Amino acid sequence: MSDQNPYGDNNSYGSNPQEDPRIQKTSLPSYQPTMPALPGYGLPPQGGQPPAVAPGGWQHGGPPQPQYGPGATLMTIGDIAVTEAGIMTPAGLLPLRGAVWTVSDMSRTESKTPTYAVVLAVIFTLACLVGLFFMLIKENVTTGYAQVTVNSGGKYHATMIPVRSPQDIYAITQQVNYARSLSA
């Protein structure tokens, strides 16, 4: 075993790393960028101006850039936000005036016998024939989605919103009607 301590303060390595013979000396800086700087990374540009934002959609080179536009968010439907300036979607900013909104109900409501009613029917049928009345218990279960689409300025976006009751479809339809009134 060696008596050199790599973690200690012995003088075998010297006090200055530049004097260490095991360190390869080069004239290159310690960090060499291998790719040009991509937009969206690093420090913001100088001058206080926000960076130029490319038109909507996915852009190569970093995380999505924020849309610098005036206006407060008036409402949201799924991933569609209606602002005073326009309609913000993952596909980009769409003009508010003249937008065409559609809503499609893709849900279904089923009536079925719950599990507890079947168990009670089996238990009370063995005791007496009254247990068969438990099979008359039914519950309504709504499953599916509501599809909301917006078409404006040559761009199209659709979103799917989960539905758990018929009241959800009513609420989504009312939101789309409000968005239609803003687009008129």
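The values are calculated or read from the model by the stated rules, or taken from the named source; none is laboratory data. Just so it is clear, the model here is predicted, and its values are computed rather than measured. Cβ placement follows ideal geometry from the backbone for every residue including glycine, while neighbour counts extend to all protein chains displayed. Ligands, DNA and RNA are stripped out before the accessible areas are found, and what is left, the full protein with its side chains, is counted by its heavy atoms. Shrake-Rupley method; radii C 1.70, N 1.55, O 1.52, S 1.80 Å.
Some points to look at:
- Each residue was assigned an accessible area with a 1.4 Å probe, and for LYS112 the value is about 100 Å².
- Charge sum, other residues only, whose C-beta stays under 15 Å from LEU74's C-beta, Lys/Arg counted +1 and Asp/Glu -1: +1
- The modelled label-to-label distance for the pair VAL122/VAL100, using points 7 Å beyond Cα in the direction of Cβ, is 5.5 nm.
- Expected-Rg normalisation [2.2 N^0.38 Å, Cα atoms] applied to the range 86-128: 2.72
- Expressed as a whole percent, the accessible surface of the range 71-178 that belongs to carbon and sulfur atoms is 61, based on a 1.4 Å probe.
- Take the range 70-184 with all the other protein chains still there, run a 1.4 Å probe, and you get 60 Å² of accessible area per residue.
- For ASP168, solvent-accessible area (1.4 Å; no DNA, RNA or ligand), Å²: 50 Å²
- Computed with the Debye formula from one identical point scatterer per Cα of the range 61-168, without solvent, the log10 of I(q)/I(0) at q = 0.14 Å⁻¹ comes to -0.69.
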